[in-house]
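Just so it is clear, none of the values below were taken in a lab; they were calculated from the coordinates. Please read all numbers here as calculations on a predicted model, not as lab measurements. Cβ coordinates were reconstructed from backbone atoms using ideal geometry, including for glycine residues, and neighbour counts include every protein chain displayed.
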Amino acid sequence: MRISFAIYPVPTLTSILHTALREAVATRFGQPLRYPSHCDALETELAKKAGTGGRRLSPSTLRRFFGLVEKEGGYHLHTLDTLARYAGHANFATFGQAVAGLAQADAAAPDFPTDIPELLAMAHLAPPERLLLGYFLGRVTRPAQPGGAAAPLALRLAAHPAGQEFFVESFVDLAHLNGAYGQVLREYLCHKLTPEAQLFGHGTLFLGEFLAEDAAAWRMRLPQLLALPVPPAAHAFPRGRRAFAEIVAAWHDAPEAALPPGLMPRLRREAGTVPRATAAPSPPLPAFYNLFPAGYHFFVAEALFLTGQFEELAGWIDDTNAAFPELAALELNVYNELLRAFLAVARLRTGRPAPPAVVPPPTYHLAQLETHHWLLDYYQVHIDLVDLHLAVLAADVPATARLHQRVAQYATTHQTPFFRRVAERIIGPAAGSTAAPAVA
């Protein structure tokens, strides 16, 4: 008697599947795997995950898989299955099927855009796949120019529960905030009425209005933002955006004075109540880009940097690093690299010694990061302002002129004249001074 077995087809590890599996594992891990220490940490995590069946992969195998060492030949199915399970799939075969489905959806998107919200809501897509599809939607709906109007598909996604979760709240396009993304947020706020969503949307719109120096708009929005309820479990990012609004609004009304005496103590107390980020996305704001442990602290630091409160900034970031020791080992993260750059400027401006690891090189760019390019469209201007501080303090006249031009160009292109005003207020130390003055 012949017994036949149904053999589940296993896809070949093509270069596309290899890249997709690397990205899916990095999404679950929380950052790209770029160093041997990352592979050591992943080995430990794989052994702990019940979804991987407790299987282990050696650090050397992981280093080969992520391209840190030369590799010839293929990989055992055990290796591929283990990594696929870690990324949220039953095995490598189902992962391959999911990637093929996403590729078909990508190809069909220009002709059948109305199918995409339904695709986002399909139960068979794992959360990392939905996030990747959300990033795809963000890229394809992004206008060519920062002031361009929102695409009809983007507005439809803003009204769709899955589109809200995996597009609006994930692909936070600050570079287009005074254009298409601002339109998307306004549509989103009409449909998602939860306290956290309202906090996120109004806090982000306040940012765009303040950067545009539209005082009538942001003054009208500020009391509404401050009156919103804040659930105890609210995500650190929208809470941090509200703290940002409080700082910059207080500075705007008295730019030469210190901040109100009770403001920073109150924000420090609030920081202690913010839930710490977990290692994996969780609703209702699960965006992968939000996976930064000290999100609330970053937005306070950003506000202090832009308004020139360098004494406060130095102390705030020192306290942040003490409260979140994991930041010392967190690499290739937009927010962490910016905190390091802000701290370097704050210490130079206040005459404090800075450890060599903290002082940025003369040109401190985030261009080497391979993830979150839409974030860098916005945050690169912050690095230009960091570089401008360093150039001014070094009396480097050509670099100072070049950086002023870069900031002015960004401010014009993205309708954010506030950045030009910040750049114009960056000055060198007073004659005879041993420490650079804080810049209001």
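A simple packing score, the average count of other Cβ atoms within 10 Å per residue, orders the peptides 82-95, 147-160 as 82-95, 147-160, with the highest score first. Each residue of the stretch 179-195 was assigned a 3J(HN,Hα) from its phi angle through the Karplus expression (A = 6.51, B = -1.76, C = 1.60, θ = phi - 60°), giving x, 4, 5, x, 4, 4, 4, 5, 5, 4, 5, 6, 10, 10, 9, 5, x Hz with x at Gly and Pro. Highest average first, the peptides 41-48, 295-302, 180-187 ordered by how many other beta carbon atoms sit within 10 Å of their residues are 295-302, 180-187, 41-48. Take 161-169, 17-25, 305-313 and order them by the average number of nearby Cβ atoms within 10 Å per residue, most first; the result is 161-169, 305-313, 17-25.
Phi angles across the stretch 413-420 convert, under the Karplus curve 6.51 cos²θ - 1.76 cosθ + 1.60 with θ = phi - 60°, into 3J(HN,Hα) values of 5, 9, 6, 10, x, 4, 5, 5 Hz, Gly and Pro given as x. Converting phi to 3J(HN,Hα) with the Karplus coefficients 6.51, -1.76 and 1.60 and the offset θ = phi - 60°, the stretch 295-305 yields x, 4, 5, 5, 5, 5, 4, 4, 5, 5, 5 Hz in sequence order, with x at every glycine or proline. Rounded to the nearest 20 debye, the dipole magnitude of the stretch 223-276 is 340 debye, with +1 charges on Lys and Arg beta carbons, -1 on Asp and Glu beta carbons, and the Cα centre as origin. Fully extending the segment from A159 to D319 would add 53.6 nm, taking 0.36 nm per residue of separation and subtracting the current Cα-Cα distance.
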